[in-house]
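The values are calculated or read from the model by the stated rules, or taken from the named source; none is laboratory data. These figures come from a predicted structure and were not determined experimentally. Every residue, glycine among them, receives a Cβ derived from its backbone with ideal geometry; neighbour counts consider all protein chains shown. Side chains are part of the model used for accessible areas, which takes the heavy atoms of the whole protein and leaves out ligands, DNA and RNA. Shrake-Rupley method; radii C 1.70, N 1.55, O 1.52, S 1.80 Å.
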Amino acid sequence: MSQPTRLAVLGAGHVGPVIARLATKAGYPVAIATSGDPEDIALITELLVPGAQPRWASDAVADADIVVLAMPLHRFLDVDPGLLSGKLVVDAMNYWPASDGVLRAFEDGGSSEIVAWRLAGSTVVKALNHIGYHELEDRARPTGSPDRRAAGVAGDGPAAVATIAGLVDRIGYDPVPLDSLRAGRVLQPGGPVFGITLTRPGFERAVREDARSLR
């Protein structure tokens, strides 16, 4: 019998606990970590993500099948790429200068493309970044619900995108695969689906219309 897919969520601010909570409810074993001692987040984990395990980041990542980056983007710059080598990584971060200030490392190109360049030994998929953390939990619905919303999944490897699409489906959203990390720029701040929740037809229409506008 195969073991369940294990998640490590790096980040315990707003987004990380929501993703960890949804994944735990969906039946995934979840570890949550920050850059510090897991004892520092033990209480918040117990209260906000019951069932998840606070761990040192290195231990959480070592045991994980999927690693979710849910930290502020400037903190990602301090992450050792070797820590994530060989891992399937979900980039749930955003580059939003109006909120976080200018990060020169992310000024040229899509943020997930730059994350992937920095994590050259990992497989990076962009997902779970374009829906606000309150809505991400409130809008989650079981498969087949008429008001189920869509969530984009962008990556350069079809197998990795399919795996993360399965995660997105299990936590309550209709996954919409995009065929490259570059295509995932539509999920970023300023993109046509950022900050709003749409059903699959509306999501796909917004992405198509944006693609036409860039021709």
- [ ] State, in angstrom, two size descriptors of region 133-215 derived from its alpha carbons: Rg to one decimal place and Dmax to the nearest whole number.
- [x] 12.4, 37
- [ ] For the chain, give the magnitude of the charge dipole about the Cα centre (Cβ charges: +1 Lys/Arg, -1 Asp/Glu; no others), in debye to the nearest 20.
- [x] 700 debye
TODO: Run the numbers on region 97-152 and let me know its relative contact order in percent, using alpha-carbon pairs under 8 Å that are six or more apart.
DONE: 23 percent
TODO: Keeping all protein chains in place, calculate the accessible area per residue for region 86-152 (probe 1.4 angstrom), answer in Å².
DONE: 47 Å²
Open item on the list: From the gyration tensor of the Cα coordinates in region 25-179, what semi-axes in whole Å does the equivalent ellipsoid have, largest first, with each one equal to sqrt(5λ)?
Closed with: 23, 21, 16
Open item on the list: As I understand it, the dipole of the chain uses +1 on the Cβ of Lys and Arg and -1 on the Cβ of Asp and Glu, about the Cα centre. Which of P17, S85, P177 lies farthest toward its positive end?
Closed with: P177
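Mean separation of Cα pairs under 8 Å and 6+ residues apart, divided by the residue count of region 75-185: what relative contact order is that in percent? Before the final figure, lay out each step's value.
Numbers: 175 pairs, mean separation 28.4, N = 111.
Contact order relative to length: 26 percent.
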Open item on the list: For region 22-107, what are Rg and Dmax over the alpha carbons, in angstrom?
Closed with: 13.9, 39
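Size of the dipole of region 106-157 about the Cα centre, Lys and Arg at +1 and Asp and Glu at -1 on the beta carbon, nothing else charged, in debye to 20?
Dipole size: approximately 240 debye.
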- [ ] Could you calculate the FRET efficiency of A159 with S99 from 1/(1 + (r/R0)^6), where r is the beta carbon distance between them and R0 is 30 Å, rounded to 0.05?
- [x] 0.35
Open item on the list: Given a 10 angstrom Cα cut-off, can you work out which residue in P29, P146, P38 is the most mobile in a GNM of the chain?
Closed with: P146
TODO: Taking H placed 1.01 Å from N in the peptide plane, check which residues at least 5 places from D174 or on another chain put their amide H under 5 Å from its amide H.
DONE: R149, A150, A151
- [ ] Starting from the Cα gyration tensor of region 50-97, multiply each eigenvalue by 5, take the square root, and state the resulting semi-axes largest first in whole Å.
- [x] 19, 14, 10
- [ ] Give me the Kirkwood hydrodynamic radius of region 162-208, using the inverse of the mean 1/r over all pairs of distinct Cα atoms, in Å to one decimal.
- [x] 11.3 Å
Task: Potential lengthening between D63 and D147 on full extension [0.36 nm per residue; Cα-Cα distance subtracted] - done: 26.7 nm
- [ ] With +1 on each Lys and Arg Cβ and -1 on each Asp and Glu Cβ, and nothing else charged, work out how big the dipole of region 56-134 is about its Cα centre, in Debye to the nearest 20.
- [x] 100 debye
Open item on the list: Relative contact order of the chain, please, whole-number percent, based on alpha carbon pairs below 8 angstrom and at least 6 residues apart.
Closed with: 16 percent
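So what are region 79-162's ellipsoid semi-axes, whole angstrom, largest first, if each one is the square root of 5 times an eigenvalue of the alpha-carbon gyration tensor?
In descending order, the three semi-axes are 26, 18, 10 Å.
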